[in-house]
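The values are calculated or read from the model by the stated rules, or taken from the named source; none is laboratory data. The structure presented is a predicted model; accordingly, all values stated were derived computationally and were not measured. Backbone-built Cβ (ideal geometry, glycine too); neighbour counts: all protein chains shown. The accessibility values were calculated without ligands, DNA or RNA, using every heavy atom of the protein model including side chains. Shrake-Rupley method; radii C 1.70, N 1.55, O 1.52, S 1.80 Å.
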Amino acid sequence: MNHLPQAWGRPRDDVYGPYDASYLQSGHPQTHTKSPIVTGTSVLAVKFQDGVVIAADNLASYGSLARFTDVKRLRPFNSKCIVGFGGDVSDMQYLDRLLNSLDVVENYSSEGHSLNAKNLHTYLSKVMYKRRSEINPLWNQMLVAGLDGDDKPFLSSIDLLGTTFSSPTLATGFGAHLAQPLLRKVADDESKVAGVTKERAIEAVKECMKVLFYRDARSLDRYSIAIITKEGGVELKEDEQLEGQSWAFAETIRGYGRTQEV
Amino acid sequence: MFRNNYDNDSVTFSPQGRIFQVEYASEAVKQGSVVVGIASKTHTVLVALKRNAEELSSYQKKVIGIDEHFGIALAGLASDARVLSNFMKQQALASKMTYGRPIPLERIVAQIGDRAQTSTQVYGKRPYGVGLLIAGVDETGPHLFEFQPSGMTQEMIACAIGARSQMARTYLERHLDEFADASRDELIKHGLLALKESLSQDKELTVDNASVGVTGLAQDGKRKIESFKLYDGGEVAPLLEAALESAEPASGDTTVEGESMEVDT
Amino acid sequence: MDSLLGSNPTLASNPAYSFSKAPYNSAADNKEHAFYPYTDNGGSTLGITGEDFCIIAGDTRSTSGYSINTRYSPKVFRIGGDDETGEGAHIILSVVGFAADGTALKERLNAIVKMYKYQHGKKISVKACAQRLATILYGKRFFPYYVTAILGGLDEDGKGALYSYDPVGSYEREQCRAAGAAASLIMPFLDNQVNYKNQYLPGTGEGHDLEPRQALPLPRHDVEQLVRDAFTSATERHIEVGDGLQMLVMTKNGIEELYHPLKRD
């Protein structure tokens, strides 16, 4: 999975050769999502000793246009988990409605049972895998953050193909390239998670959001961040501003628009 | 001869507001051999009296494990129970598949309740001729449920259904206060003794005719639940021994004589 | 971006796609679909049998392209276990290729093996399970599970059994098999070290008269060492292999799980 949602789910050109786009003209009566339209970029998350931190910026891009600048891409589920969405925003909104109706059904049908993050992740992975098997994918990559059945931190990823994996730190899209190496310095192994404090995890995520804002052209300096712990439940802040930016490094950039010294 | 005009189907009420087909279905439950279920704070047990239809035949299955965390005991039409148990097995597997969690008992019981109700309100359908005890453990702890052909379901602390089950219920009522804190072994013992109460005088519990199913919260911490364990045949011997031994001194109760034991169909 | 969306102006430009601007390819009769439902998650698996045991191993790295998704994503699973811990399982399965299909296949086989036990009251034999897995794979012949599976266990005689598959269900029983990204690196090593291919007894003759060294089942300790060597070497030479080695060893006493770290570069 790379930082271009347009490339997700397609055979890689470097492996399979150039892609034949002529299909796009056919007026098939059944319309499936063949490419994402309005997209969200990276989602980042880190596990720490008693919970998970997850963050995503508030931007929804239309190609290279920063189209919507106040889109919440962290969606809470039953006040115990957070799903962070990357990829197509309309598919995100569909999934959000789906999860809301699931939550309603769950709450009505019995007392004392509630789906934890692990259950939610399993459910979402089945939804995504079913849709890819119908060749009608939901064009997203998601991170599910919360606590599992034993109240241990839980963090796992699902994408449009139904692929799932879990790791102490995760990042989707551009973040998989830029942020993940930085986050792995915090916890590169499940055994290290117990040594990571909440403050350390938050700091690392905020630092990565900044790096991504520097380098990812489809990113924004306003973002959402959520902390999920057993004690505090879900603390979701949806309108944060990146702090402590330094653009001094820009002076040293050569190439691109700055080939000529002024 | 009197002919009841209101019992030809299950969708017509009698003028007295009764649905005879459903009541007849309940009779089928009373014809089945007795099954007992008890729940404590940590465990649930199902105990059943198996009958063989004839000397040459094998004994009927009375206790069925559905999933790791729960099982059922049946009284009445065994084939109807099989249909229901297959349905429950499918639902349990589906829950594992889609959410990765054991299906909540309350939920699966509501599902079979709804199914059974449908067949009391749709023309051309026949109510299930079987009563079930559903016992197991989920996230909210141990549970025991009773299910009747009418679609009625309710959670119980202890329950007995089937032929001559009144005697077992009397035993259960008498020992009600002991169940909540009973250990696994004590709970099995209570189950077997309650079952024994329902036996006709010429019968006794043997390794051939008794089945026991147990589920509970795990003691060892590695796993959360103790998988549903069915004791059948030789495995029942030590359980029977322990139960009957403890019962020897207080054998003051006299069992009511009368109808011979009924046989499952 | 060029390498990924390459020479395709429609996709490379932006999502504000215009039908009128799309390149028209009149030669293309068959229309290819935009969405490619597969990916390769890398990694390798390996299975070897001995006289009374069976080992299946796999590295725990999951990749997409040059990225590492996670360093711990097991590829070897217990089949037919009691619950999510897999306790009580008697069959092991490894899947490598497209991980989502692998997971789906594993869960489907697991459900089938559970239903078999529920319906027949006994555990499925490895032989029957192997045949069943082949029909599952073949059942999706025209939209295959993009995985190479290896199934292992103990046969009816207690001997180690190993079955290897292609994505559409061709299968055979073998002594050893490597699959996945580094299969071509590991398999020749196995041919030489397990089946003694190209090994001859010295002094037995010249050229074609040389007597080949007879292959005998290896002891467990030797096999475990071979597996570790195979994976450390594959890790050196293949970028998609590494991070950790997970090994499931099936003996008459059940399934043992071993883990060894591999290089993470």
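For the reader, a short list of remarks on this structure follows.
- Label zone at C:Phe143, where the point sits 7 Å out along the Cα-to-Cβ direction: the stretch A:132-151 residues whose backbone N lies under 18 Å: A:132-139
- GluC sites (Glu not before Pro) within the stretch B:10-58: DSSP coil, no more than 10 neighbouring Cβ in 10 Å: B:Glu54, B:Glu55
- Of B:Lys189/B:Lys224; A:Lys152/C:Lys114; A:Lys130/C:Lys263; A:Lys192/B:Lys96; B:Lys189/C:Lys122; A:Lys192/A:Lys237, those spanning more than 32 Å from alpha-carbon to alpha-carbon: A:Lys130/C:Lys263
- Simple spin-label estimate for C:Asn253 and B:Thr98 gives 4.2 nm between the two label positions (7 Å along the Cα-to-Cβ direction from each Cα).
- Relative contact order (%) - chain A, alpha-carbon pairs under 8 angstrom, separation at least six: 25 percent
- With q set to 0.09, 0.10, 0.13, 0.17 Å⁻¹, the log10 of I(q)/I(0) for chain B, from the Debye formula over equal scatterers at the Cα positions, is -0.40, -0.50, -0.82, -1.31.
- Between the amide H of A:Ser42 and those of A:Phe174, A:Gly175, distances stay under 5 Å, these residues lying 5 or more places away or on another chain, with hydrogens modeled in the peptide plane.
- Helical runs assigned H by DSSP (4 residues or longer) give chain A a calculated mean residue ellipticity at 222 nm of -9000 deg cm²/dmol, each run adding -39500 (n - 2.57) before division by the residue total.
- Loop-located GluC sites (Glu not before Pro) in the stretch C:137-193 whose Cβ has at most 13 other Cβ within 10 Å (DSSP): C:Glu156
- Between the C-alpha center of the stretch C:146-173 and that of the stretch B:145-172 there is a gap of 48 Å.
- In Å², nearest 10: area of B:Ser183 left accessible to a 1.4 Å probe: 50 Å²
- Kirkwood Rh in Å, taken over the stretch A:38-234 so that all alpha-carbon pairs contribute: 16.6 Å
- Note on the stretch A:164-201 and the stretch A:57-97: Cα centroid distance 21 Å, given to the nearest whole angstrom.
- Taking the accessible area of chain C, probe 1.4 Å, and keeping the other protein chains in place, the carbon and sulfur fraction comes to 51%.
- Cα convex hull volume per residue for chain C (Å³): 196 Å³
- Projected onto its three principal axes, the C-alpha set of the protein assembly as shown covers 110, 84, 58 Å, listed from the longest axis down.
- Loop trypsin sites (Lys or Arg not before Pro), the stretch B:1-107, which have at most 14 other Cβ atoms in a 10 Å radius of their Cβ (DSSP): B:Arg3, B:Arg18, B:Lys41
- Per residue of peptide C:96-104, the mean number of Cβ atoms on other chains within 10 Å of the residue Cβ is 4.
- Using Cβ point charges alone (K and R +1, D and E -1), the dipole size of the stretch C:45-261 about the Cα centre works out to roughly 800 debye.
- When Rg and the Kirkwood Rh are both derived from Cα coordinates, the Rg/Rh ratio for the stretch B:41-183 amounts to 0.97.
- Nitroxide proxy distance, nm - points 7 Å out along Cα→Cβ at A:Glu251 and A:Val211: 2.3 nm
- Ratio Rg/Rh, restricted to the stretch C:30-81 and using Cα atoms, in which Rh is the Kirkwood radius: 1.17
- Within the protein assembly as shown: Cβ-based charge dipole about Cα centre, in debye rounded to nearest 20 (Lys, Arg +1; Asp, Glu -1): 2120 debye
- Counting Cβ atoms of other protein chains within 10 Å of each Cβ in A:112-120 and taking the mean gives 4.
- Here the stretch A:38-234 has 50 percent of its accessible surface on carbon and sulfur atoms, given a 1.4 Å probe and all protein chains in place.
- Cα-based Rg and Dmax for the stretch B:24-85, where Dmax is the largest Cα-Cα distance (Å): 12.7, 41
- Solvent-accessible area lost in complex, 50 Å² minimum, residues of the stretch A:164-206 relative to chain alone, 1.4 Å: A:Phe165, A:Arg184
- Residue-averaged [θ]222 nm for chain C, counting only DSSP H segments that reach four residues, each worth -39500 (n - 2.57): -8500 deg cm²/dmol
- In Hz, Karplus ³J(HN,Hα) per residue of the stretch A:210-217 (6.51, -1.76, 1.60; θ = phi - 60°; x = Gly, Pro): 5, 4, 5, 5, 5, 10, 8, 5
- Chain B, relative contact order [Cα under 8 Å, separation at least 6], %: 27 percent
- Å² per residue, accessible surface of the stretch C:45-261 at 1.4 Å: 45 Å²
- Tail fraction, Cα-Cα pairs, the stretch A:1-135, threshold 23 Å, whole percent: 46 percent
- Sites count as exposed loop sites when they are GluC sites (Glu not before Pro), lie in a DSSP loop, and have at most 13 other Cβ atoms within 10 angstrom; the longest stretch of chain A without one is A:1-110.
- Longest stretch of chain B clear of exposed loop sites (chymotrypsin sites (Phe, Trp or Tyr not before Pro), DSSP loop, at most 11 other Cβ atoms within 10 Å, sites excluded): B:124-265.
- Gap separating the Cα centres of the stretch B:71-128 and the stretch B:1-34, nearest whole Å: 22 Å
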